[in-house]
Amino acid sequence: MPESIVAELSSRFGEDTIKPLTTRDETPTLRTPQEKIVAILQYLKSEIKMPFRMLYDLTAIDERAYKKEQNGHKPCDFTLVYTLFSFDRNLFLRLKVGLHGEFPSQDTITHLWPAANWYEREVYDMFGIRFNGHPHLQRILMPRTWQGYPLRKEHPARATEMGPFKLFDEKVDKEQHALQFSPEEWGLKRHSDDADFMFLNIGPQHPGTHGVLRIILQLDGENIIDAVPDIGFHHRGAEKMGERQSWHTYIPYTDRIDYLGGVNNNLAYLLAVEKLGGIDVPLRAQVIRIMLCELFRIASHLVWYGTFAQDLGQLSPVFYMFTDRERVFEIIEAICGGRMHPNWFRIGGVAQDLPKGWDTLVRNFVDYFPRKLREYDKMVMKNYLFKVRTKGIGIYTLEEAIEWGVTGPGLRACGLEWDLRKKRPYGGYENFAFEVPVAHNGDCYDRAVVRVEEMRQSLRIVQQCLEYMPAGDFKSHHPLATPPVKQHTMHDIETLIHHFLNVSWGPVIPPGEAMVCTEATKGWNSYYLVSDGNTGAYRTRIRTPSFPHMQMIPLISKGYTVADLLSILGGMDYVLADIDR
């Protein structure tokens with residue numbers, strides 16, 4: 001815990017205001033009174049030296065089923081969790097506020113961070129906690145007609161706990177009525193002094209939205225006056241499922257969050273579980289994980305590259321790039337047995353060792369791919385029409401990016417050389433040499449420049465994995481590693497019982513909380529896990545990069561045309577499951 005922050009906050013707001021808490025991830029965590037949290041956040045953002053300028057995440061925990069007292073405090077009914085990040089300090093800071101009552105409320109912080117808008121709506125949607133002063137406190141992931149708050153502990157976690165679904169005519173009429181868009185609800189006007197505005201639905205089945213996404217545009221002719229993203233069509237309760245599955249059986253569910261990022265999803269989750277369990281991963285397993293993550297980064301960027309060009313009118317690139325993606329999947333399938341969703345990482349390592357011949361497949365790709373990237377540069381990046389459609393479109397500044405919680409290539413395209421693999425290395429990335437590509441204009445073209453160069457850097461990392469793959473174990477021998485190593489199970493009954501329990505129930509992870517943030521394919525991805533000493537998580541929070549990125553659409557599309565919106569969406573590189581979870 002940085003003592004200076006505690007001392008400074010205590011001096012400013014009173015000694016009894018700040019209470020440091022102990023966590024498994026060693027992230028500085030402070031408990032603060034409800035009535036002072038807004039003032040404390042204001043101070044941390046704007047007044048403290050080396051401020052915490054980014055609201056990284058905002059979520060809640062239903063504490064009512066947690067039986068143990070945490071760090072000596074009297075249990076509350078709900079806890080709000082604010083996670084901030086300081087680029088100057090290279091530090092996350094977690095602030096926790098206890099709330100009491102069945103349906104508590106808290107003052108909004110949307111006047112401090114615009115990114116808080118969607119996060120507060122999500123907390124209201126999932127927990128029923130209201131935010132006083134919020135400009136538009138509506139459900140965001142669930143349908144408006146939904147009954148109950150899914151992440152409260154009394155809400156069913158499985159369909160078998162609910163009655164059979166019946167679609168009556170009355171329900172159809174009610175749902176259709178709820179889908180109607182009223183501009184006045186969102187502060188939009190139907191008229192100006194000299195024109196009538198038109199409202200246009202883009203999606204939820206438009207090819208340019210790359211998934212089930214609806215954006216309602218307020219138009220004056222072809223020009224966008226305002227936009228309202230409507231998300232949640234893809235929501236399937238990923239966080240709720242994380243609280244009903246065991247630590248081990250939840251791994252396949254993480255594959256489906258950023259479904260183009262593959263094992264990058266597994267890694268963020270497993271690093272947090274391993275923090276909670278105190279599990280060290282062998283060096284060979286770390287290098288194998290990194291190699292697979294970077295191969296998936298290339299595969300994900302190829303999908304973005306080809307479809308982005310297609311959105312802007314180029315048809316050929318998507319066929320060439322998907323063919324190269326198949327080459328990556330041939331390696332993935334040979335190693336993991338699966339392709340898009342390999343479910344291959346495990347608590348403590350990976351499922352099995354590398355197969356014979358893996359190195360030949362990887363070497364062939366490393367030799368082949370640089371030539372193809374140069375070919376794509378000529379085909380796409382140097383294409384005159386591509387440049388016209390992307391340069392100067394969808395611009396945001398570095399300050400705006402930080403205010404809205406932008407991370408990954410979108411942040412680096414604003415000139416900030418910040419990659420978690422370099423700045424806060426995790427999982428063994430500190431052992432690899434690579435560059436962090438940046439650009440400076442913050443437009444659609446520069447976001448493309450960064451991603452294209454990232455593929456070259458990922459290839460460098462893969463090549464290092466190929467040349468320096470260490471010998472050793474592919475999985476930890478820690479008793480909480482799951483499944484445990486099987487070779488000794490037939491020697492004594494105790495080992496056999498241990499293996500059986502760890503495979504069937506999974507490990508019992510000690511009480512505590514941990515979050516590990518990774519540089520996923522689209523930005524910063526993290527799993528914040530709370531354990532109450534059971535075979536599954538008490539609370540699973542998934543913070544994805546696409547969620548805050550999509551919230552920026554109204555800001556960065558105003559003043560552009562409908563055609564420009566497709567450039568902005570394509571250049572953003574989001575995945576709907578990453579937004580909706």
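The values are calculated or read from the model by the stated rules, or taken from the named source; none is laboratory data. Not measured: the values here are computed from a predicted model. Ideal geometry is used to build each Cβ from the backbone, glycine not excepted, and the neighbour counts take in all protein chains shown.
Considering the stretch 468-491 alone, what residues qualify as being of a type in the set (V, I, T) and either at pLDDT 80 or above or assigned to a loop (DSSP other than H, G, I, E, B) (or both)? Scanning the stretch 468-491 gives V485, T489. Of the helices (runs of 4 or more DSSP H) lying entirely inside the stretch 295-413, those carrying at least 3 residues that are touching a helix residue (DSSP H, G or I) at 6+ places or on another chain (Cβ under 6 Å) are 316-336, 358-376, 384-390, 409-412. For the stretch 1-18, how many residues are under 17 Å from G512 (Cα atoms) and more than 26 Å from the chain's Cα centre (by Cα)? Count: 0. Determine if the stretch 68-78 includes at least one residue that is within 26 Å of P548 (Cβ to Cβ) and modelled with pLDDT of 85 or more. Looking for residues that are within 26 Å of P548 (Cβ to Cβ) and modelled with pLDDT of 85 or more, one finds at least one in the stretch 68-78, hence yes.
Does R346 satisfy the condition of being surrounded by 13 or more Cβ atoms within 10 Å (Cβ to Cβ), within 24 Å of the chain's Cα centre (by Cα), without any contact (Cβ under 8 Å) to a residue 12 or more places away in the chain and under 30 Å from K275 (Cα atoms)? Judged against the criteria, R346 is not a match. Under the condition of being in contact with a Gly (Cβ under 7 Å, 6 or more places away or on another chain) and part of a helix (DSSP H, G or I), the residues counted in the stretch 282-294 number 7. Determine, yes or no, whether H191 is loosely packed, with under 13 Cβ neighbours inside 10 Å, under 18 Å from K558 (Cα atoms) and not assigned by TED's automatic domain parsing to the domain that holds P135. It is true that H191 is loosely packed, with under 13 Cβ neighbours inside 10 Å, under 18 Å from K558 (Cα atoms) and not assigned by TED's automatic domain parsing to the domain that holds P135. Using beta carbons and a limit of 6 Å, which pairs, at least six apart or on different chains, have the first residue in the stretch 504-531 and over 20 Å from Q245 (Cα atoms) and the second one among the acidic types (D, E) and not in a strand (DSSP E or B)? Cβ pairs passing all conditions: E519/D419; K522/D573. When T22, T32, T17 are screened for being of a type outside the set (D, E, K, R) and either touching a Gly at 6+ places or on another chain (Cβ under 7 Å) or closer than 25 Å to L271 by Cα (or both), only T22 passes. Condition test on L373, is it assigned by TED's automatic domain parsing to the domain that holds L416, modelled with pLDDT of 90 or more and over 27 Å from the mean Cα position of the chain (by Cα)? The answer is yes for L373. Taking the stretch 492-581 and the helices (runs of 4 or more DSSP H) fully enclosed by it, the elements with 2 or more residues that are within 25 Å of the chain's Cα centre (by Cα) are at 546-551, 553-557, 562-572, 576-580. Of the strands (runs of 3 or more DSSP E) contained entirely in the stretch 22-138, those carrying at least 2 residues that are crowded, with 19+ Cβ neighbours inside 10 Å and within 22 Å of the chain's Cα centre (by Cα) fall at 54-62, 78-86, 91-99.
Just one of the numbered conditions (1) β-branched (V, I, T); (2) buried (at least 17 other Cβ atoms within 10 Å of the Cβ); (3) under 28 Å from the mean Cα position of the chain (by Cα) is not true of V380: (3). Taken over the stretch 232-259, the residue count meeting the criterion of being buried (at least 23 other Cβ atoms within 10 Å of the Cβ) and over 21 Å from V530 (Cα atoms) is 1. Taken over the stretch 372-406, the residue count meeting the criterion of being basic (K, R) and touching a residue at least 24 places away in the same chain (Cβ under 8 Å) is 4.
The set of residues from the stretch 139-150 being β-branched (V, I, T) and surrounded by 17 or more Cβ atoms within 10 Å (Cβ to Cβ) comprises just one member, I140.
Residues that are in a helix (DSSP H, G or I) and in contact with a strand residue (DSSP E or B) (Cβ under 9 Å, 6 or more places away or on another chain) within the stretch 180-201 comprise P183, W186, listed in sequence order. Residues that are under 17 Å from W524 (Cα atoms) and in a helix (DSSP H, G or I) within the stretch 422-440 comprise K422, K423, Y429, listed in sequence order. Any residue that is closer than 30 Å to P479 by Cα, touching a strand residue (DSSP E or B) at 6+ places or on another chain (Cβ under 7 Å) and of a type in the set (V, I, T) - is there at least one of those in the stretch 286-306? Yes; the residues of the stretch 286-306 include at least one that is closer than 30 Å to P479 by Cα, touching a strand residue (DSSP E or B) at 6+ places or on another chain (Cβ under 7 Å) and of a type in the set (V, I, T).
Here T518 clears all of (1) touching a His at 6+ places or on another chain (Cβ under 7 Å); (2) of a type outside the set (D, E, K, R); (3) at pLDDT 90 or above except the condition numbered (1).
Any chance the stretch 460-467 includes a residue that's farther than 22 Å from K558 by Cβ and at pLDDT below 90? So far as the stretch 460-467 goes, no, none of its residues is farther than 22 Å from K558 by Cβ and at pLDDT below 90.
Kindly indicate whether any position in the stretch 441-459 is free of Cβ contacts under 8 Å to residues at least 24 places away in the same chain, basic (K, R), within 23 Å of S526 (Cβ to Cβ) and in the same structural domain as Y396 (by TED's automatic domain parsing). No, every residue in the stretch 441-459 fails to be free of Cβ contacts under 8 Å to residues at least 24 places away in the same chain, basic (K, R), within 23 Å of S526 (Cβ to Cβ) and in the same structural domain as Y396 (by TED's automatic domain parsing). Exactly one residue out of A227, A268 is outside the structural domain of V380 (by TED's automatic domain parsing), closer than 19 Å to F547 by Cα and hydrophobic (A, V, I, L, M, F, W, C), and it is A227.
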